[in-house]
Amino acid sequence: MKCYLVSLGCPKNLVDTENILYESSKQHIEFVYNPEEADILLVNTCAFIQKAIKESIHTILEIAQNKKENQKLVVAGCLIGRFKNQIESQIPEVDIFIDTNSIDSISLDKKFNYCNLARSFSVEKRIVTTYPYAYLRISDGCNHRCSFCTIPQIRGSYREKNKKDIESEFLQLIENGIKEVVLIAQDTSCYNNNNLSALLKDLSKFNGDFWVRVLYLYPSSITDDLIETIASSEKIVPYFDIPLQHVSDKMLKLMRRNYNKKFICELFDKLLKYDVAIRSTFIVGFPYEEDKDFKELMDFTHNYKIDRLGAFEYSKEENTKSASYSTNVPYNLRRKRRALLLAAQKNLSRENLKRFVGKKLKVLIDSPKKARSYLDAPEIDGSLKLKYERPVGDFVEVTVSKSSFYDLFE
Ligand code: SF4
């Protein structure tokens, strides 16, 4: 049986896709690059914000248009959690729906008689599609209720994997040659009652040539112990990915984030005592955001010299608290603020990277002429361009000869 698979969205969705691949491979399903050769056309969707929804629908429509009579179109993931009824009525070419909650129990063999794409949250095994890094999901769902976010509706409340399962999956990854394990979740810092550092310390004890990176730390669950562990452990890269969303007290309250600007400043003051990289993401143009709020945000990113920054224009999502807010920032102003923030960041990033010129950095080779240091998470950050080709998956030390806006050069 042949399957054509498209995986959209974030690393958390990619892990779902990898679980699907694993379960399918047990059923001897072969994956093909050409949709025309496939019996099953499977799209694992993202529906976090409007942009992602559009991309998901566009992909389904494109595949549906060319679908042949003997092919089955399966749509899985977050889009189904939010819009199953609409998809069902408007895209009749879709044969099977799998949302993120029912994906555990749905068995396609009941419908197809030949395959089973079900996966379970507790299943450790999956087919890893990335190298030399791989993602490891330590929990799913979220107990926060940020006013703009649909994740708790889609993924449900927070539940975590037990430590034994995480360690077992971790070992399987490094034994199979993975050199960078990236821990992910909707909220990684609340693991084990805000004691993620205990897990990190235990993972660091495993033998092997690897490093660990953590993404998506929720600010108010970051403890001093966690900072110390990430900043000082040899096996954990000193990289803090802390999505702040905003810094103005007024906006944080409207966003229903459970911290204020004073807290953030104190946290970042602590971080900057160490030699660490900081990444954050922000939403601009959130309802009621005035020029002075936006200026506070711009000043903050400048003062704290954030190394890596992502910016989203606010996107009004159905069934969220913020969708009911009455004062919206006009579309053009949202776009302008995002462009301003990113332009300022571009210059800041260039200045930040200059400090590495002439220095030696340990890097992991991602492709023969491209590597990443602790500064760069896979897929979202910059890289270090190599002068000479090196074997993929090796750790090497290189001397930085120059820097650009986002990248370093050997
Ligand atoms: S913490 Fe993140 S996933 Fe949870 S509700 Fe807030 S934005 Fe959504």
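The values are calculated or read from the model by the stated rules, or taken from the named source; none is laboratory data. Keep in mind it's a predicted model, so treat the numbers as computed, not measured. Note that we place each Cβ from the backbone using ideal geometry, even for glycine, and neighbour counts take in every protein chain shown. Keep in mind that these areas ignore ligands, DNA and RNA; they rest on the heavy atoms of the full protein, side chains included. Shrake-Rupley method; radii C 1.70, N 1.55, O 1.52, S 1.80 Å.
Observations on the structure shown:
- Look at (1) surrounded by 18 or more Cβ atoms within 10 Å (Cβ to Cβ); (2) outside any strand (DSSP E or B) and you find that Tyr22 fails only one, number (1).
- Test: residue in the range 28-47 that is touching a residue at least 60 places away in the same chain (Cβ under 8 Å) and either open to solvent by 30 Å² or more (accessible area, probe 1.4 Å) or closer than 23 Å to Leu215 by Cβ (or both): yes
- Helices (runs of 4 or more DSSP H) fully within the range 133-249 that include at least 1 residues being in contact with a strand residue (DSSP E or B) (Cβ under 8 Å, 6 or more places away or on another chain) and basic (Lys, Arg): 151-155.
- Looking across Asp209, Asp224, one residue alone is open to solvent by 10 Å² or more (accessible area, probe 1.4 Å), in contact (Cβ under 8 Å) with a residue 60 or more places away in the chain and not β-branched (Val, Ile, Thr). It is Asp209.
- The single condition from (1) modelled with pLDDT of 90 or more; (2) under 21 Å from the mean Cα position of the chain (by Cα); (3) assigned to a helix (DSSP H, G or I) that Leu61 fails is (2).
- Flag if Ile178 is crowded, with 21+ Cβ neighbours inside 10 Å and within 13 Å of the ligand (Cβ to nearest atom): no
- In the range 360-393, the residues that are exposed (fewer than 14 other Cβ atoms within 10 Å of the Cβ) and over 12 Å from Glu180 (Cβ atoms): Lys360, Ser367, Pro368, Lys387, Tyr388, Glu389, Pro391
- Being more than 18 Å from Phe312 (Cα to Cα) and within 15 Å of the ligand (Cβ to nearest atom) is a condition met by no residue of the range 227-247.
- The residues listed here are Thr129, Thr100; of these, the one that is open to solvent by 30 Å² or more (accessible area, probe 1.4 Å), at pLDDT below 85 and under 17 Å from the mean Cα position of the chain (by Cα) is Thr129.
- In the range 256-266, residue most open to solvent (accessible area, probe 1.4 Å) [restricted to those that are within 16 Å of the ligand (Cβ to nearest atom) and not in a loop (DSSP other than H, G, I, E, B)]: Phe263
- Residues that are among the aliphatic types (A, V, I, L, M) and either over 26 Å from Gly156 (Cα atoms) or in the same structural domain as Glu313 (by TED's automatic domain parsing) (or both) within the range 49-72 comprise Leu61, Ile63, Ala64, listed in sequence order.
Yes or no, residue by residue, for (1) within 16 Å of the ligand (Cβ to nearest atom); (2) assigned by TED's automatic domain parsing to the domain that holds Ser189; (3) open to solvent by 30 Å² or more (accessible area, probe 1.4 Å); (4) modelled with pLDDT of 90 or more:
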position: Val123; (1), (2), (3), (4): no, no, yes, no
position: Asn143; (1), (2), (3), (4): yes, yes, yes, yes
position: Ile166; (1), (2), (3), (4): no, yes, no, yes
position: Glu169; (1), (2), (3), (4): no, yes, no, yes
